[in-house]
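Nothing in this text is a laboratory measurement; each read-out follows from the coordinates by a stated rule. This structure is a prediction, so every number in the text was calculated from the model and none was measured. Note: ideal-geometry Cβ built from the backbone for every residue, glycine included; neighbour counts use all protein chains shown.
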Amino acid sequence: MAKVITFTNQKGGVGKTTSSSALISGLAMRDYKVLGIDLDPQGNLGFYFGVDIENHISIYDVFKGQNTIKEAIFHGEHCDIIPSNILLSGAEIEFNQFGREYLLKNVLAQLHDHYDFIIIDTPPSLNVLTVNAYVASDYLIIPMVPEILSLLGVSQIKETFLAVQKFYNSKLSILGILLTKYNGRTILAREVLEMSEKIASQLDTLVLESKIRPAVVVAESPAHGISIFEYAPNSNPAADYNSFVDELLSKL
């Protein structure tokens, strides 16, 4: 049975897609069978793994009932991906039927026995797509950058998380807060770390020991269509994301 992990933060630019792709690649490197699902209409996760997102069957097509979930899978060299595209941006209005919170959970039921991990990337908002990810997941990971506005985004997740846990998915838990673009030498980073630890305690979780240091290679690797581990294996972010994958596995 696959473990389903969602990356979430309603603030953009905090490293959700980068961290999702790093976890997918890191798990695949450790010989786990991994499926990545892109629920962000921007389609960046699919693009990262070389999917032609405009022409491949997407999760939108699956939600519309036009294709099966298995038909939407892009079989990559190391992992599988179900892509997204801009058509998904109208989900809040278009998918308004009763039980719409279970769209993803229902279609994923066909795939649980085929993978060790299913990793979901979500949009920078708390909408029906994010709720679908929460309902379908076992665990959440909250990436954030050491900035006050990012901290606010984390605190706003609490209400949605608790509502989903109460009404739709009682087993849902938060594995931890992942600090990205983290420079521990700055006063702001240390202050945000302290505040994020307080928020983590309110969510019955913690700030992960692994923290991702900033480097230009993080932005460069997607343009080359390869993971941070292949593009810059000796970089600080590659080392940090490796530590993150190991830390995560130790908690599961």
Rounded to one decimal in nm, the spacing of the 7 Å Cα→Cβ label points at ALA223 and ASP246 is 3.1
Any residue on another chain or 5+ positions along whose placed amide H is under 5 Å from the amide H of LYS33 is listed here as ASP116, PHE117
The extension gain from ASN96 to SER173, computed as 0.36 nm times the residue separation minus the Cα-Cα distance, is 25.1 nm
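Among the helices of the chain (complete DSSP H runs), which have Cα atoms covering no less than 15 Å along the helix axis and a Kyte-Doolittle mean of at least 0.5?
Numbers: long enough: 16-29 (19 Å, 0.62); 148-167 (30 Å, 0.95); 187-202 (23 Å, 0.14); 236-251 (23 Å, -0.48).
Helices meeting the criterion: 16-29, 148-167.
Using mean Cβ contacts within 10 Å as the protection proxy, how do 218-230, 29-41, 45-57, 105-117 order, highest first? Display every interim value, and only then the final one.
On the way: 218-230: 17.5, 29-41: 21.5, 45-57: 19.5, 105-117: 15.9.
Those peptides, ordered most packed to least, come out 29-41, 45-57, 218-230, 105-117.
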Over 26 Å (Cα to Cα) among LYS166/LYS211; LYS11/LYS70; LYS198/LYS251; LYS64/LYS181; LYS70/LYS158; LYS105/LYS198 -> LYS166/LYS211; LYS11/LYS70; LYS64/LYS181; LYS70/LYS158; LYS105/LYS198
Whole-Å distance linking the alpha carbon centroid of region 138-181 with that of region 49-82 is 27
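Calculate the FRET efficiency for GLU230 and GLN110 from the Cβ-Cβ distance with a Förster distance of 25 Å, rounded to the nearest 0.05.
Numbers: r = 31 Å, r/R0 = 1.23.
The pair GLU230/GLN110 has a calculated efficiency of 0.25.
What is the projected area of the convex hull of the Cα atoms of the chain, averaged over all directions, in nm²? Before the final figure, lay out the partial values.
Values: hull surface 49.4 nm².
That works out to 12.3 nm².
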Taking every DSSP bridge whose two residues both lie in region 3-251, the antiparallel percent to the nearest 5 is 10
Per the helix-only model, the chain has a calculated mean residue ellipticity at 222 nm (DSSP H runs of ≥4, -39500 (n - 2.57) each, divided over all residues, rounded to the nearest 500) of -12500 deg cm²/dmol
